[in-house]
Amino acid sequence: MAVQGKLWGVGIGPGDSELVTVKAARIIGEADVVAYHCARHGRSIARSVAEPYLRSAQLEEKLMYPVTTETTDHPGGYRGALDDFYTEAADVLAQHLSAGRSVALLAEGDPLFYSSYMHMHKRLASRFETEIIPGVTSVSASAAATGLPLVEADETLTVLPGTLPKDELVRRLEDSDAVAIMKLGRTFPDVVAALEESGRIDHAWYVERASTGAQKVLPISDVDITSVPYFSMVVIPGRLNSPPLAEPAVRGEVVVVGLGPGAARWTTPEVRAELAKATDLVGYKTYLNRINPRPGQRMHASDNRVESERACLALDLAKNGARVVVVSSGDPGVFAMAAAVVEESADDQWRDVPVRVVPGVTAANAVASLAGAPLGHDYAVISLSDRLKGWDVIVERVRAALRADLVIAIYNPGSASRNWQVAELKGILLEHKAPSTPVILGRDVGGPEQSVVISTVADFDPAAVDMRTLLIVGSSTTTVIQRAGGPAVFTNRRYDSTR
């Protein structure tokens, strides 16, 4: 039986021949066949990098791409044309390997990192002995070209292909620490648009042909978007080592965000992106404790009873050029800081300060989701706190919602200094509702002490309700069903108007 040859996937690094590893150089020199991918012109960057290590007597095998853009007459389109090419190229290499020749297939960067080698490996590894020699990636070379640390401490690195849709690029840029964007060329205008939209463009470097004599390192704003080659990259170092490339205009803003009701998973990517971009974070101390500030961010914590003062502080900071995020739990527009900030911003001294509101998951929605679908039909949201409105107003609104047969989500039901309102509420409910009407008590939802209890108007215990509890009182159509996994509550979306 003939001895088969061995396939070597040889990573040759980003472009500098001196960045080829010692092992890679040895295998290139020893191999019977040196293979490399190239375009129709026949020139290969991989071969030029490996040239100092080639022998004159070696066989060379050009694996020539049939297309280099997505325009093709192939019946299977661009992907179909490439699949056929990879199969044919694998057959060419298989002939050498079957004849007992060792094959060094050159891969720019690393063989298993966005490399053409992997397509050969998947087709040949089950039939022939293979070994992969890792190489220095273009990400490492481009990061080195910027001269800035790429990731530090607990930061993460995200590698993105520039071929992703722009909206997906924006989402991932907003949700990442350090970023490398590859596969530029014709995708560069969309990449620039994504960098602008995500707020990362002032921290992004453009690196072209890293580690070679033609290397360029530029701020994105200095790049001619019509002359960007495929072998270029955008590098954004992690936030610990990413000073802005240009001083931003001194124009601050206030963004009011909702962190959600407690669990980190309920803080939206949009809110996380705003938190990351802020110079100053303003809020009730308990909510600020849920945030891990990055180095340099200033935290302005205060008591929960000074909403107006907190809003004025945020607007003053922004007036002087700060990028301020005011944090609320849940959604900032539901009994939270959005109203206070917008109200204060009407004052002439702050009329020119931009104010935005970014929504969050509400406590009512979070509790409802854990109980089933009690908010499936019309519902009212009422706060029992009488700090900013009188108890008589609260009673009038509760009675009106009950007469309208609405489901009611009750916020701020009680506290250490307000321990009688829930008992009063229960009395009002018993006047208007059947004793069996479902009542849901959601406490610390999303937090470490989370509990959800499904009770009734007659049976729920006011003493079990505190400031961390949200109540949902059902309507006449709210139903509790027993099912696998425990009871579930829903309010029918159909309503008989003759009730």
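The values are calculated or read from the model by the stated rules, or taken from the named source; none is laboratory data. All values reported here derive from a predicted model rather than from experimental measurement. Here Cβ is always computed from backbone atoms with ideal geometry, including for glycine, and neighbour counts include all displayed protein chains. To get the accessible areas, we keep the full protein, side chains included, count just its heavy atoms, and leave off ligands, DNA and RNA. Shrake-Rupley method; radii C 1.70, N 1.55, O 1.52, S 1.80 Å.
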### Query
Cα gyration tensor of the stretch 365-406, axes a ≥ b ≥ c as square roots of the eigenvalues: rounded (a/c below 1.5), prolate (a/b > b/c) or oblate?
oblate
### Message
Between S308 and S417, what's the calculated FRET efficiency when r is the beta-carbon distance and R0 is 25 Å? Round to 0.05.
### Response
0.80
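Excluding ligands, DNA and RNA, what is the solvent-accessible area per residue of the stretch 249-308 at a probe of 1.4 Å, expressed in Å²?
Computed with neighbouring chains in place, this is 49 Å² per residue.
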## Note on the structure
Rounded to the nearest 10 degrees, the helix 391-403 long axis (Cα) sits at an angle to the longest Cα principal axis of the chain of 80
### Query
Given labels modelled 7 Å from the Cα in the Cβ direction, how far is it in nm from D154 to T479?
4.7
### Query
For the stretch 300-373 and the stretch 436-462, what is the separation of their Cα centres, given in Å?
28
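Below 8 Å between Cα atoms, with a sequence gap of 6+, how large is the relative contact order for the stretch 392-467 in percent? Could the numbers behind the result be given before it?
On the way: 75 pairs, mean separation 22.5, N = 76.
Once normalised by length, the contact order is 30 percent.
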### Message
Can you compute the charge dipole magnitude of the chain about its Cα centre, using +1 on each Lys and Arg Cβ and -1 on each Asp and Glu Cβ, nothing else charged? Give it in debye, rounded to the nearest 20.
### Response
760
### Summary
Of the accessible area of the chain, computed with a 1.4 Å probe and all protein chains kept, carbon and sulfur make up a percent value of 50
### Query
Does the stretch 399-499 classify as rounded, prolate or oblate by the C-alpha gyration tensor (a ≥ b ≥ c root eigenvalues; a/c under 1.5 gives rounded; else a/b over b/c gives prolate, otherwise oblate)?
oblate
### Per residue, in Å², the accessible surface of the stretch 373-499 once ligands and nucleic acids are set aside, probe 1.4 Å
51
### Task
With an 8 Å cut-off on Cα pairs and a minimum separation of 6 or more residues, tell me the relative contact order of the chain in percent.
10
### the chain - mean residue ellipticity at 222 nm from DSSP helices (-39,500 (n - 2.57) per run, n ≥ 4, rounded to 500)
-8500 deg cm²/dmol
### Message
I want to check the label-to-label distance for R265 and S455. Put each point 7 Å from Cα in the C-beta direction and report it in nm to one decimal.
### Response
2.7
### Task
Determine the sum of side-chain charges near G442: Lys and Arg each +1, Asp and Glu each -1, restricted to other residues whose C-beta is under 14 angstrom from that of G442.
-1
## Note on the structure
A student applying the Cα gyration tensor rule (rounded when a/c is under 1.5; otherwise prolate if a/b is larger than b/c, oblate if not) would label the stretch 289-428 prolate
### Query
Say R0 is 51 Å: what FRET efficiency, to the nearest 0.05, do R397 and L245 get from their beta-carbon distance?
0.45
### Task
Would you tally the net charge around A366, using a Cβ to Cβ cut-off of less than 13 Å, leaving A366 out, and scoring K and R as +1, D and E as -1?
+1
### the stretch 369-447: trypsin sites (Lys or Arg not before Pro) in DSSP loop, at most 13 other beta carbons within 10 Å
R387, K389
### Task
Could you please report the charge total around A94, scoring K, R as +1 and D, E as -1 over all other residues with beta-carbon less than 9 angstrom from its beta-carbon?
+1
### Query
DSSP loop trypsin sites (Lys or Arg not before Pro) in the stretch 248-286 with at most 14 other Cβ atoms within 10 Å of their Cβ, which ones?
R251
